[in-house]
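Asker: Take this structure first; my questions come after.
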Protein chains: 4
Amino acid sequence: MTTVRPIRESDRDAWLTLWHGYNAFYRNDPTEAVTRAAFRRLCEGTDGFFGLVAEDGAGGLVGLTHAVFHPATWTTGTYCYLEDLFVSRGERGSGAGRLLIEGVYAEADRRGADRVYWHTQQYNAQARSLYDSVAHATSFVVYKR
Amino acid sequence: MTTVRPIRESDRDAWLTLWHGYNAFYRNDPTEAVTRAAFRRLCEGTDGFFGLVAEDGAGGLVGLTHAVFHPATWTTGTYCYLEDLFVSRGERGSGAGRLLIEGVYAEADRRGADRVYWHTQQYNAQARSLYDSVAHATSFVVYKR
Amino acid sequence: MTTVRPIRESDRDAWLTLWHGYNAFYRNDPTEAVTRAAFRRLCEGTDGFFGLVAEDGAGGLVGLTHAVFHPATWTTGTYCYLEDLFVSRGERGSGAGRLLIEGVYAEADRRGADRVYWHTQQYNAQARSLYDSVAHATSFVVYKR
Amino acid sequence: MTTVRPIRESDRDAWLTLWHGYNAFYRNDPTEAVTRAAFRRLCEGTDGFFGLVAEDGAGGLVGLTHAVFHPATWTTGTYCYLEDLFVSRGERGSGAGRLLIEGVYAEADRRGADRVYWHTQQYNAQARSLYDSVAHATSFVVYKR
């Protein structure tokens, strides 16, 4: 059975494998410094970072999600930007993705966040199929310098 | 001639008019507390807030933009989320919107931000026409709980 | 002040003006028989039809909405298809459109409908700006033989 | 060779398998009562329901489609809402989907329906590839409360 829990220091090696798989999906190539800083802040919960991993019945890590809580002009509270989500290929459809998102929702509720949002490629059918069942597609698209 | 400069305390009344016009556009109805907290943080530059106004030749305010600099997992630096942009109806097409975005770019460069990004409604033709000339539409859409 | 109430027989002339304006918007040209049947069923509430009009302070009609309640395979109850919505040009932005939608929501709740849904052109910025504030854009597009 | 015929009472078990596969695709979890009511109305043709199954050469069911005929304001006749369509994974590309849609078209013609329409996720490339060859994508998107 898949369960979800906060990332901890001892997850480093298993997390790295997932993190590299995630980055490969987006053809992103983070520097060592970026990877180290991300993991450290996720473990410590600094800079608004919050991270969860999904664990299978045998204790292996099969997914991760990272969120960043940040201020916003439309609230005196906080927004939760669900920045990263990844489930290893063999585990897709196992429910791990949904559990990870629900874990972020629970933390966002705990902190009283006014919004949980994320970005996804409009053509990513597999991901959107899940997202459509736990959230709402909006009319908004993302622009980038 | 339109010019752009940081928001300051003495802009309060003129800024409020623009802020309410901006919120009306999105049919958003911020509380007094949200409005006050937004203005204060924009003037003080706290919580990662950064705000600019566009001034016409006579010193009247014709536009505003607010950005929030926040940490992100893909960088040891910062991302710049251009959260709000508004130009009063009569001034659209005057170049104020472009100047405001370029002002945010300049500040993002000064702080070494790795990214400047924003959200816009896919059907907002007037806004996208400007954005396409100063930035890139991405394939990403926004999901929201 | 704009108010909303069910369509009634005595609205015929004013309703016709709105109905023709609405059809002109979609370049639809209903036959007399279709128009008569629509009005009759809206007044009688037969065939699952439900209709509301928006009235201004002087008792003039400024908007209409028609919904059809129909069975669906995913429910033992009913779905509410909000088929038509129109506000006369001069009254747009007056809040009439929102009141009409909320009136349909109230009736859908009264009947225990499992869903209220409608279709809109993806490029209809004015309409979507309203819809985004009272409902959710979905990932679904409409196909037609 | 794949053929198409109306759903009948003796299809119950094979239909259930397809129905559950279809619902799993949309991460929908219908109650027993909803499933029973859907099957009954499809067999009886009540509530405007109409259902077809696709049968392979050996008599096994490989696909289903359900339509709901409902009144609409733009017609004195009926609209045909093609609500559900599913082909089991191994049979995709076999032509079963097209046969099912054509079977619905034939029934819609028999009843003089003015329109056959359906909804699909904009990112469902496999489905849209078929739909584009037998129907028209419209400019309409679906909003939902």
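The values are calculated or read from the model by the stated rules, or taken from the named source; none is laboratory data. The model shown is predicted, which means the values in this text are computed figures rather than measured ones. Ideal geometry is used to build each Cβ from the backbone, glycine not excepted, and the neighbour counts take in all protein chains shown.
Asker: Condition check: modelled with pLDDT of 95 or more and out of contact with any helix residue (DSSP H, G or I) (no Cβ under 9 Å at 6 or more places or on another chain). Does D:Thr17 satisfy that?
Answerer: Taking the combined requirement at face value, the residue satisfies it.
Asker: Still on this structure: With at the interface with another protein chain (Cβ under 7 Å from one of its Cβ atoms), more than 12 Å from the chain's Cα centre (by Cα) and either closer than 27 Å to C:Leu16 by Cβ or touching a residue at least 60 places away in the same chain (Cβ under 8 Å) (or both) as the only criterion, which of C:Ala108, C:Ala135, C:Ala72, C:Ala33 stands out?
Answerer: C:Ala33
Asker: Would it be correct to say that C:Thr78 is more than 9 Å from chain D (Cβ to nearest Cβ), closer than 29 Å to D:Leu42 by Cα and touching a helix residue (DSSP H, G or I) at 6+ places or on another chain (Cβ under 8 Å)?
Answerer: Answer is yes for this residue.
Asker: Return the only residue of A:Ser94, A:Ser88 being modelled with pLDDT under 95, hydroxyl-bearing (Ser, Thr, Tyr) and over 30 Å from B:Leu16 (Cα atoms).
Answerer: Residue meeting the stated conditions: A:Ser94.
Asker: Quick check on A:Arg128: is it buried (at least 21 other Cβ atoms within 10 Å of the Cβ), at pLDDT 95 or above and charged (D, E, K, R)?
Answerer: Yes.
To keep it simple, each residue is scored yes or no on (1) out of contact with any strand residue (DSSP E or B) (no Cβ under 6 Å at 6 or more places or on another chain); (2) closer than 30 Å to C:Ala33 by Cα; (3) at pLDDT 95 or above.
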{"position": "D:Pro30", "(1), (2), (3)": "yes, no, yes"}
{"position": "D:Val34", "(1), (2), (3)": "yes, no, yes"}
{"position": "D:Phe39", "(1), (2), (3)": "yes, no, yes"}
{"position": "D:Gly57", "(1), (2), (3)": "yes, no, no"}
{"position": "D:Ala67", "(1), (2), (3)": "no, yes, yes"}
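Asker: Report whether or not B:Gly103 is more than 7 Å from chain A (Cβ to nearest Cβ) and in contact (Cβ under 8 Å) with a residue 60 or more places away in the chain.
Answerer: So B:Gly103 passes the test.
Asker: Kindly provide the set of residues from segment B:117-129 that are within 10 Å of chain A (Cβ to nearest Cβ) and in a helix (DSSP H, G or I), ordered by number.
Answerer: Those that are within 10 Å of chain A (Cβ to nearest Cβ) and in a helix (DSSP H, G or I): B:Ala127, B:Arg128.
Asker: For segment D:1-116, which helices (runs of 4 or more DSSP H) that fit wholly inside it have 2 or more residues that are in contact with a Cys (Cβ under 7 Å, 6 or more places away or on another chain)?
Answerer: D:96-110
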